[in-house]
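Step one of this worksheet: look at the structure below.
We did not get these values from a lab; they are worked out from the coordinates using the rules stated. Everything numeric here is computed off the predicted structure, so don't read it as measured data. Because the Cβ atoms are built from the backbone with ideal geometry, glycine has one as well, and the counts that use them run over all protein chains shown.
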Amino acid sequence: MGIWIKRKNAQLENGIAPAFELDAKKKKSGNRARNRVMMAMMCFVGIYGVIGGRLIFYGMQEDTTGYNGPTGTVLASRPDILDRNGEVLATDIKTASLYAEPRKVIDPDEAYELLSTVLPDLNFEQTYSRLKSGAGFAWLKRGLTPQQKSQIMALGIPGIGFRTEKSRFYPGGPTASHILGLVNIDNQGIAGMEKYIDSQGLSDLRDVGLADSRSLEPVRLSIDLRVQHVVRDVVVTAMQKYRAIAAGAVVLNVNTGEVMAMASAPDFDPNNPFNALDKDHLNRMSAGLYEMGSTIKSFTTAMSLDHGATLNTTYDATRPITIGRQTIHDFHGKARVLTLPEVFVFSSNIGSAREADAVGIENHRAFLTRLGLLDPMKTELPEVAKPYSPKVWKKVNSITISFGHGMATTPLQTAVGAAALVNGGKLIEPTFMPRTLEQAQAMAEQVIKPKTSDDMRYLYKLNGDTGSGRNANVKGYRVGGKTGTADKVVNGRYAKDLRFNAFVAAFPIEKPEYVVLTIIDEPKPAEGQSSGIAAYNAAPMVAEIIRRSASFLGVKPDFGQQVAPLQVSYDSDE
C-alpha cells in the first residue's frame, strides 16, 4: 500500500495522469459525439417526416374542381384507317395539351394575360376560374400545335405544364368525313366508322390498357380514296351550281355490296369539327329520309315483271285515276294505253298505279320489304335512319307509293335495292369493309327472278338511251338508269316549287358492275336552263362521276358496243 502511494505521488509530481482518469475523459467525449449524431439523425427524420406527411395530405385531398391530374401516360391509341388501296384515311399523331397546377400559380391574372397572347381564343371566365381555384390540376387547352407549345414554354409561367397526348388526324380533311366520322377529345369514336371500330372491341382494349399502337392492326375500308375524291367534288360542285341546300352520291359494287365512295354535302372537316353536329350537316345518304320520287318506279315495274307481267303487257293510262280525294295525273300524259316499257320510260304515274293495283296491296308491301326499302338498313355505319311507310296499307297508299309518294327511305337503301334489280336479282347488304365475291354470294338473298333482272337492265338501258337518263350518258360506258323528281312535303302538303331530285344508274348496263345514285335537294335551274328537274341536274352528276372515276374502278371503255333495238320512242324530259 505504501509503495502504491509513493508511485502515485511520483506520477503527480511528474505531471502524469492516472490511467483511470484518461479512460473517464475518453468515455465522456464519446458520449457527446454520439449524442450529436443522434440529434442530427432525429432532425433529418423529422424534416423528411414532415415533407412525407404533407405529400400524403395533399394526395388524400379531394379535388373540388372535378379535374383529374395527368397520369404520366398518353391516351390510348387508335388503329389507322386505310382505304382499299392502303391510303391513310385516319391516323394518330402526338400533340401537346396544356394544364395548370393552380396551387403553384403565383398570379392567376398575369398567367391568363400571358397565355392569351399565344391562345387568344381561351375563354376568360373558365380559364381564370381554373387558375385561381387552388386545385391540384386543371386542363386549360387540349391539342396544341408545336408552335403554341414552344411559345408558351418561352413565357416561363409557374404552375403551367404540358402533357403529350394522342390526337386523330385525317389527311383528306372533309373528303370522307361522313364515312369516317369523329372522335372526341379523349380519342374515342363518336360517329361514323370511328364509332364502329370502338364497338368492335377497341373500347374494351382501352379499358384494360391494351390499346397500344404497336399491337393494333390498321382497319381497311372498301372505300377507294380516288373515287371518293371525285364523288365529293361532283357533289359539292353540283350543290353550288344548282344553288341547292344539299346534295349527295354513292358508288356501290353491285356484286359485293361494297361502298366504293359516298359523299353528302354540306359536310365538315373532322380535323376541326365545330359544325359536325349541325342538322344541315347530316349524312343524307344513310341517315336522311326522303320520298325518292320516280326512282321508286324501278321497283314497281320490277314487281310487275316478277308477278307475271311481260314487256308486252299493257296498262290503261287514257285518263287520270281518282281514289277518294286524290286524283292521279301524269306529268306528260299520253292519254292512251301504254306498254310496260312505255310506262317506265314515260314515267307514267297512272301506269305505275295500274301495275301496283294488278299485284295487290299485300304483295306490293311484301315486295318492297323484300328489297330492303321499308326496314332499317344493316351495315357498319351507325348513322342509319328508319324508313317511313304507313302502318296500315290501304289501296290509296299502294297507289301513291307505286310512283314514290307516301313512303320515305334512304338514298343508300335505294341504291342497294337497285343493285338487286340489275345483278341477277340478289339483295346484298351494303358494307364499308372489304368483301370478296365469294363472301357476298354466300350472304346474298335472291329477291327477284333472274329474268326480271334481265328485263330491268333492258329498261334501264332504254331509258338511258332515249328517256330521262340521256344526260347521264358517257361514251364507252353504256349507262342506264331512272330519274326521280319529287315535290317536297312542307307542312303536310306537297310544294310545287320545292323538289328533291335523284337519279339511279348502273354501268356497264349489259353486265353492271356498279350502281351510282345521286341526289340534290331543292335545286334551282342552272344558268341557261328553264327547268330544275332531275334530268338536268341529278343525271349530269352521275355522268360526271362515271366519266372521272370509271378507270379507277377498273371499268374499261367499250366504243364498239351496238345499241339494242328499241321498243318505244321518247319525247319528254321526265
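Couple of notes before you dig in:
- Semi-axis lengths, Å, region 99-151, gyration tensor of Cα atoms, sqrt of 5 times eigenvalues: 18, 12, 10
- Across all Cα atoms of region 81-220, the radius of gyration (one decimal) and Dmax (whole number) stand at 18.1, 55 Å.
- Each of Thr164 and Tyr128 was given a label point 7 Å from its Cα along the Cα-to-Cβ line. The distance between the two points is 3.6 nm.
- Loop-located trypsin sites (Lys or Arg not before Pro) in region 269-368 (DSSP state not H, G, I, E or B) with no more than 14 neighbouring Cβ atoms inside 10 Å: Arg325.
- Loop-located trypsin sites (Lys or Arg not before Pro) in region 217-267 whose Cβ has at most 16 other Cβ within 10 Å (DSSP): Arg243
- Placing a label point 7 Å from the Cα of Gln240 along the Cα-to-Cβ direction, the residues of region 268-300 with a backbone N closer than 18 Å are 268-269.
- Placing +1 on the Cβ of every Lys and Arg and -1 on the Cβ of every Asp and Glu, with no other charges, gives region 81-220 a dipole of roughly 180 debye about its Cα centre.
- Rg [Å, one decimal], Dmax [Å, integer] - region 332-403, C-alpha atoms: 14.8, 48
- Cα shape, region 227-549, gyration tensor, a/c 1.5 rule: rounded
- Residues Val474, Val422, arranged from fewest to most other Cβ atoms within 10 angstrom of their Cβ, appear as Val474, Val422.
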